[in-house]
Amino acid sequence: MKILGVETSCDDTAIALIDASGDFDADFKFNTLAHAIHSQKEHEQYGGVFPNVARKEHEKHLVPLLAHVLQKSKLVCQGDALTEGIEKILEREQELLRQLLQFLKTHEKPGIDAIAVTVGPGLEPALWVGINFAKALAHAWNLPIVPVNHMEGHIVISALWDRNNEITNNQETSSKKIQLPMLSLLISGGHTELILSKKWMQYEYIGRTRDDAVGEAFDKVARMLGLPYPGGPAISKLAEAARNNVGIYEIPTLPRPMIYDKNFDFSFAGLKTAVLRKIEANTPVTEEFKKQLAREFEDAVTDVLVDKSMRAIENYSVKTLVIGGGVSANKHLRSQFREQCQGRTLTLLVPPPQFATDNALMIALAGYFRAKRNEFADPMTLSANGNLKLDEREEMPA
Ligand code: KG4
Ligand code: ZN
């Protein structure tokens, strides 16, 4: 089955095309025909994402990305597209409408089977652009739409990625059998969650953040240190420099919030405030102090995430640990989890760093499994849900 994935939930515009077959845990295989992503730089100056800026940027970039992906995938075309009726679907996205009509005039319908699109969670104005784009394409090419939960995309790509394979176009990637129960630690700009799956594609929240998400904490601390948005990679770089420094430095100490609490919830707002206090007490901050502070912050976050996850693993007799979301690109965090998982009867699955952050490959992959279950959407009622939860979906017969 050939699935086109569309992702516009935050500040990355992404399109991917996969050819997948088989069922999960049996003979699943997928081939990445092409994928493309445009990361919006406009938000850097604000230190966060502005929904209206994101929406306009998605409008500009979807069609060029689609053209690129189709051209790379070299799919056989199957006749004309229907352009009548598209004006109505894209009445709020005039720039996208103009580009899409132009595109459809010069391109035939490609041989794909369904369009998977992120419907939530995320920024609603941004989500709507992707949804309306998917509706317009589905109309033009007479294809079904599969609504996808962005967080399920993060789980699926982390769970299924064969870590021994480097991504190249047209390379086949097959899944290893995943032992259940599976625990997913989702750590991104908007989420910090521990989710238990006793069955494939079924989710039960066992812990979540009570305030800031871990990626949000990275972004805010980066801002305090005068580093660019997104803050995760910048902090990680400073922290790494501190780890490689030989010498004796004064290391600021930060709290490990809720680490001894028996529940599986998190809280990062206090940690962020503690960083602010350290900066205030050491102003003007030296470059060395910044590095040491970044390192201690990364350590504090990692300690809490590792500790809580390991306790959840014991508590629920978990056999597979999946880590996903932008923060799972963090090198130190990955190495600490690897260390902790060694010697246990536990499989650790992490995505390749370039697919830890938002992308459309993960949406196409999750969309494939949903399409296999015939979970297609009615375009008339398909809508964005900024707060969509993983356990909201009705249980469908497999
Ligand atoms: O999953 P994602 O791309 O978008 C959301 O769905 O939120 O995650 C983005 C988050 C940002 O907060 C960013 O600072 C963080 O992931 N991030 C990192 C790293 N790379 C991205 N955090 C820590 N270390 C990294 N290397
Ligand atoms: Zn994400």
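The values are calculated or read from the model by the stated rules, or taken from the named source; none is laboratory data. Everything numeric here is computed off the predicted structure, so don't read it as measured data. Positions of Cβ are backbone-derived with ideal geometry, glycine not excepted, and every protein chain shown enters the neighbour counts.
Worth pointing out:
- Only residues that are buried (at least 24 other Cβ atoms within 10 Å of the Cβ), of a type in the set (Ser, Thr, Tyr) and either part of a loop (DSSP other than H, G, I, E, B) or away from ligand 2 (no atom under 16 Å from the Cβ) (or both) were counted across the range 327-356, and they come to 0.
- Selection within the range 181-209 - among the hydrophobic types (A, V, I, L, M, F, W, C) and modelled with pLDDT of 95 or more: MET182, LEU183, LEU185, LEU186, ILE187, LEU194, ILE195, LEU196, ILE206
- Residues located in the range 180-202, provided they are hydroxyl-bearing (Ser, Thr, Tyr) and under 17 Å from the mean Cα position of the chain (by Cα): SER184, SER188, THR192
- Across the range 22-37, the number of residues qualifying as of a type outside the set (A, V, I, L, M) and either modelled with pLDDT under 90 or in a loop (DSSP other than H, G, I, E, B) (or both) comes to 7.
- Restricted to the range 18-46, and to residues there that are among the small types (Gly, Ala, Ser) and more than 19 Å from the chain's Cα centre (by Cα), the residue that is nearest to LEU227 (Cα to Cα) is ALA20.
- Residue match in the range 361-381 (condition: under 28 Å from SER267 (Cα atoms) and either touching a residue at least 12 places away in the same chain (Cβ under 8 Å) or buried (at least 17 other Cβ atoms within 10 Å of the Cβ) (or both)): yes
- Considering only residues in the range 214-248 that are within 16 Å of ligand 2 (Cβ to nearest atom) and aliphatic (A, V, I, L, M), the one that is nearest to GLY190 (Cα to Cα) turns out to be VAL214.
- Total residues in the range 131-153, condition more than 16 Å from ligand 1 (Cβ to nearest atom) and part of a strand (DSSP E or B): 3
- Filter result for the condition that a residue is in contact with a Lys or Arg (Cβ under 9 Å, 6 or more places away or on another chain) and either part of a helix (DSSP H, G or I) or loosely packed, with under 13 Cβ neighbours inside 10 Å (or both), over VAL221, VAL246: VAL221
- The one condition in (1) in a helix (DSSP H, G or I); (2) more than 16 Å from ligand 1 (Cβ to nearest atom); (3) among the basic types (Lys, Arg) that LYS262 fails to fulfil: (1)
- Residue pairs meeting the criteria (Cβ under 8 Å; at least 6 apart or on separate chains; first under 18 Å from HIS68 (Cβ atoms), in the range 88-104; second modelled with pLDDT of 95 or more and assigned to a loop (DSSP other than H, G, I, E, B)): LEU96/LEU90; LEU100/LEU90
- The range 310-339, residues that are touching a strand residue (DSSP E or B) at 6+ places or on another chain (Cβ under 8 Å), more than 13 Å from ALA356 (Cα to Cα) and within 16 Å of ligand 1 (Cβ to nearest atom): PHE337, ARG338
- Taken together, the criteria place ALA159 among residues that are assigned to a helix (DSSP H, G or I) and at pLDDT below 95.
- Any pair with Cβ under 9 angstrom, 6 or more apart, that starts in the range 322-334 at a residue that is closer than 12 Å to ALA239 by Cα and modelled with pLDDT of 95 or more and ends at one that is more than 16 Å from ligand 2 (Cβ to nearest atom) and basic (Lys, Arg): HIS332/ARG243; HIS332/ARG295
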